[in-house]
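Structure first, commentary second.
All of the numbers you see were taken from the coordinates with simple rules; none came from a lab. All values reported here derive from a predicted model rather than from experimental measurement. So basically every Cβ, Gly included, is an ideal-geometry build from the backbone, and we count neighbours across all protein chains shown.
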Amino acid sequence: MTTSATIQRAQRKQREGEVIASRMAKTIVVRVERRYSHPRFRKVVTAYAKLYVHDEKGAARVGDRVRIQETRPVSKTKRWRLVEVIGRRAEPAAA
């Protein structure tokens with residue numbers, strides 16, 4: 001039985017990435033980049049992961065830089081939620 005003391009939870013993973021799709025309702029697709037040294041050839045390799053993210057307010061658009069955080073499963077594929085929009089994609093000037 002727990003007392004009134006606060007329970008310490010583990011820190012949840014956070015990632016930064018670029019929104020590559022936002023056509024679904026309350027869902028965005030984020031491409032997260034991971035760079036690591038190849039174990040045999042020692043060359044820096046860039047790997048990408050495509051993550052489905054819950055965006056409750058529909059704040060993110062394609063091209064935006066976002067910060068996401070892992071969470072409990074929201075649906076079959078969504079395990080991440082949007083924390084904040086870091087930067088907006090620069091819109092081209094109208095001619």
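When D64, D55 are arranged by Cβ crowding within 10 Å, least crowded first, meaning fewest neighbours, the order is D64, D55.
Spin-label model, R61/R23: points 7 Å from Cα along the beta carbon direction are separated by 1.8 nm.
Can you list the lysines whose alpha carbon sits under 25 Å from that of K26, skipping same-chain ones fewer than 8 residues off? Answer for K26, where 25 Å is the Cα cut-off: K13, K50, K57, K76, K78, listed by chain and number. For region 7-95, GluC sites (Glu not before Pro) are listed when DSSP marks them as loop and at most 13 other Cβ atoms sit within 10 Å of their Cβ; the list is E56. Once Rh is set to the Kirkwood radius over Cα pairs, what Stokes-Einstein translational diffusion coefficient, in µm²/s, holds for the chain at a temperature of 37 °C and a viscosity of 0.692 mPa s? Roughly 214 µm²/s, to the nearest whole number. Taking Lys and Arg as +1 and Asp and Glu as -1, the other residues whose beta-carbon sits under 10 Å from that of G63 total +1.
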